[in-house]
Amino acid sequence: MTQPPPDRLDPWVEVDPHALGFNVGQIRKLDGGRPILAVVKNNAYGLDLAVTAGLLEPRPEIEGFAVVRTDEAFRLRDAGVRKPILLMARVSERSAADLVARGITLAVYADDDPRRLAPIARRHGPIPVHAYVDTGMSRMGIPYHRALPFLRELAASNAFRIDGTFMTFTEEPDFDPEQLRRFQELVAEAQGAGVGIGRLHAASSNGVFHLPEAHLDLVRPGIALYGAYPSRPEEERAKAELRPAFRLQARVVRVEQLRPGDTVSYGRHYVATKPVWVATLPVGHADGYPRRAVDGAKVLIGAGLYPVIGAVSASHSIVEIGDQPLVRIGDVATLLGPDHPAVHPNAVADAAGVSVYDLLMHLGPMLPRIVVGL
Ligand SMILES: *Cc1c(COP(=O)(O)O)cnc(C)c1O
């Protein structure tokens, strides 16, 4: 599909390949031409894993993909993705054999990884891995202060081929430099000891914008690819413009005029004080639109911006149109997208007091993803 059919009254998500390509170019400008390992975890941040990977893969800047779930890695291969895929997770021995057979690169970090994964190499040859180092997140990875013997053991084994070594920042501006220092010190020690640890990567979108010294050999952005700013939108916009690569859209299904005293939705938080037109959109928090959109988010219908009022329920949101019925049943409403600063995902996230990551990643999986303008 390239356009939602005119009689579609259920909401949908548009995916814009040109915006994706534009964002790749912007990241490329910031990262000094380094290859990009595109993070497409969590259903490509809500845009759809197969659709997004299919659009990104042909671009020469994209070296490969990174995911966090075994299922995502398989789904990428099932969708025909040929470029490298890094799975940043602990995997069972059984999955590991299948993953390696399908050419997926594993992240290793646990003390038992060399022992439990080595047997797979007997059937498949050396296992391509990236070593995951914990420099202060305490989430995944081998703690940096005892990573050297681990790297040495991996490098000495014929069962593994270390293609890369990586870390994740806490994105706490005062601590990030210390994390990078820990990583660089480990890298220097490994290199000094003749331990080959492959190419180095650390920068997510935040690092792409704010930590040029951490761009290393590859960058590993997620959210910036999809056109949202990771941390400090004002500052980041001044460094590089990003374009939201998706739209959350629906059609107006009801337009009515309220009388003074009429109230809107569950809890009756909105009370009309004078005659006012309101419109209903069949999209709600079950589709990923935040409940707290009522705290100040606006919806674009035609050229008009209208505030969300009352309550966002599971499948409906209501907007205040004003003293004239300026919208009609069937008009397309954009709740998130590039078309006006007020519906930019960062602006809506701000207005609703949620993380822009939540906004993207919670886009309802049942909504069809419609690629436009191909
Ligand atoms: C999610 C993730 C990324 C990408 O983060 P963004 O902030 O979306 O750019 C990079 N690395 C790891 C390990 C991640 O989990």
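The values are calculated or read from the model by the stated rules, or taken from the named source; none is laboratory data. What you see is a predicted model; the values in this text were computed from it and never measured. Methodologically, a virtual Cβ is constructed for each residue, glycine included, from the backbone with ideal geometry; neighbour enumeration extends over all protein chains shown. The accessibility values were calculated without ligands, DNA or RNA, using every heavy atom of the protein model including side chains. Shrake-Rupley method; radii C 1.70, N 1.55, O 1.52, S 1.80 Å.
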From phi via Karplus (6.51, -1.76, 1.60), per-residue ³J(HN,Hα) for the range 18-35 in Hz, x at Gly/Pro: 5, 5, 4, x, 4, 5, 4, x, 5, 5, 4, 5, 6, 9, x, x, 6, x
Spatial separation of Cα centroids for the range 56-74 and the range 354-371, in angstrom: 19 Å
Residues whose placed amide H lies under 5 Å from that of THR165, excluding near-sequence neighbours: ALA131, ARG199, LEU200, HIS201
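As a test, work out the antiparallel percent of DSSP beta bridges whose residues both lie in the chain, rounded to the nearest 5. Walk me through the numbers on the way to the answer.
Details: 28 of 57 bridges.
Rounded to the nearest five, the antiparallel share is 50 percent.
Given a Förster distance of 35 Å, report the FRET efficiency between ALA314 and VAL372 from their Cβ-Cβ distance, rounded to the nearest 0.05.
Values: r = 27 Å, r/R0 = 0.76.
The value I calculate is 0.85.
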For the range 1-130: relative contact order, % (alpha-carbon pairs under 8 angstrom, 6 or more apart): 17 percent
Nearest-0.05 FRET efficiency for SER92 and ARG123, computed from C-beta distance (R0 25 Å): 0.95
Quotient of Cα Rg and 2.2 N^0.38 Å for the chain, N being how many residues it contains: 1.13
Candidates per GluC sites (Glu not before Pro) in the range 240-332, loop by DSSP, up to 16 other Cβ within 10 Å: GLU241
Dipole magnitude of the range 272-357, debye to nearest 20 (Cβ charges: Lys/Arg +1, Asp/Glu -1, about Cα centre): 120 debye
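For the chain, what relative contact order do you get, as a whole percent, if you take Cα pairs closer than 8 Å and at least 6 residues apart?
Details: 835 pairs, mean separation 72.7, N = 374.
The normalised contact order for the chain reaches 19 percent.
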Listed residues ARG123, ARG90, ARG59, most fluctuating in the chain (Gaussian network, C-alpha, under 10 Å): ARG123
Top of PHE209, PHE65, PHE150 by mean-square fluctuation, Gaussian network on the chain, Cα under 10 Å: PHE150
Built amide H within the under 5 Å cut-off of HIS344, gap 5+: GLY337
Solvent accessible area, Å² - LYS298, 1.4 Å probe, full protein context: 80 Å²
Residue-averaged [θ]222 nm for the chain, counting only DSSP H segments that reach four residues, each worth -39500 (n - 2.57): -8500 deg cm²/dmol
Interchain or long-range residues, amide H under 5 Å from ASP262's placed H: ALA272
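How large is the dipole of the chain about the Cα centre if only Lys and Arg carry +1 and Asp and Glu carry -1, each at its Cβ, rounded to the nearest 20 debye? Display every interim value, and only then the final one.
Working: 41 positive and 43 negative charges, 164 e Å.
Here the size comes out at about 780 debye.
Rolling a 1.4 angstrom probe over the protein heavy atoms, how many square angstrom per residue are accessible across the chain? Intermediate results must be reported in sequence, preceding the final value.
Values: 16010 Å² over 374 residues.
Ligands and nucleic acids excluded, the result is 43 Å² per residue.
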Pairwise label distance in nanometres, ARG268 with GLU256, each label 7 Å out on the Cα-Cβ vector: 1.5 nm
Residue with peak Gaussian network fluctuation, the chain [Cα springs, cutoff 10 Å], from VAL253, VAL108, VAL299: VAL253
Around VAL195: net Lys/Arg minus Asp/Glu count, Cβ-Cβ under 12 Å: -1
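If you add up the charges near LYS298, with Lys and Arg at +1 and Asp and Glu at -1, over every other residue whose beta carbon is less than 13 angstrom from its beta carbon, what do you get? List each step's numbers first, then the result.
Numbers: positive: none; negative: ASP295, GLU320, ASP339, ASP350.
With Lys, Arg at +1 and Asp, Glu at -1, the neighbours total -4.
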Accessible surface of VAL187 - all protein chains present, 1.4 Å probe, nearest 10 Å²: 10 Å²
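Give me the percent of the accessible area of the chain that comes from carbon and sulfur atoms, probe 1.4 Å, all protein chains in place.
On the way: 7990 of 16010 Å².
The value for the chain is 50 percent carbon and sulfur by accessible area.
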